[in-house]
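Following: one structure in structure tokens, then a few remarks.
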């Protein structure tokens, strides 16, 4: 019986240790998403300076003179999960005749619920074409696991 109680006590002590350590970390900011199980907040809310990827993809992009210069076609993430490039479709009409260009995420500003770039449509059209698939490595050609459904549901 004492071996069972000792095992239970040890399991409880080991199970509580990560929680106690997580609560003592002083490095927490309002916009940073904490690792799983380390936050004491009941709910987190998107901040006013943040935008959801689902709202950004397909959104029109305007220049500083309020002229539409393209639309966000895709977001490219690097290995660390950071947005490496925002792919803007520029010059197309009904999905034809345009090209994709990559811009730095920091270059896109949100202004009055719209996305703006401090460049002209002509400047974007002069940029190099950005291909979302690499023919040599196959990068970018795999299907999204959540395309048209929910992750892990098969729908």
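Values quoted throughout were computed directly from the atomic coordinates according to the rules given, and no laboratory measurement underlies them. In this text, all values refer to a predicted model and were calculated from it rather than measured experimentally. Cβ: placed from backbone, ideal geometry, glycine included. Neighbour counts: every protein chain shown.
Rg to Rh ratio, the range 53-126, alpha-carbon atoms and Kirkwood radius? Spell out each step's value before the answer.
Numbers: Rg = 11.7 Å, Rh = 12.4 Å.
Using Cα coordinates only, the ratio equals 0.95.
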So, with points 7 Å from each Cα along the Cβ direction, the residue 125-residue 79 label distance in nm works out to 3.9
Once you put a point 7 Å from the Cα of residue 68 and another 7 Å from the Cα of residue 51, both along the Cβ direction, what distance in nm separates them?
1.5
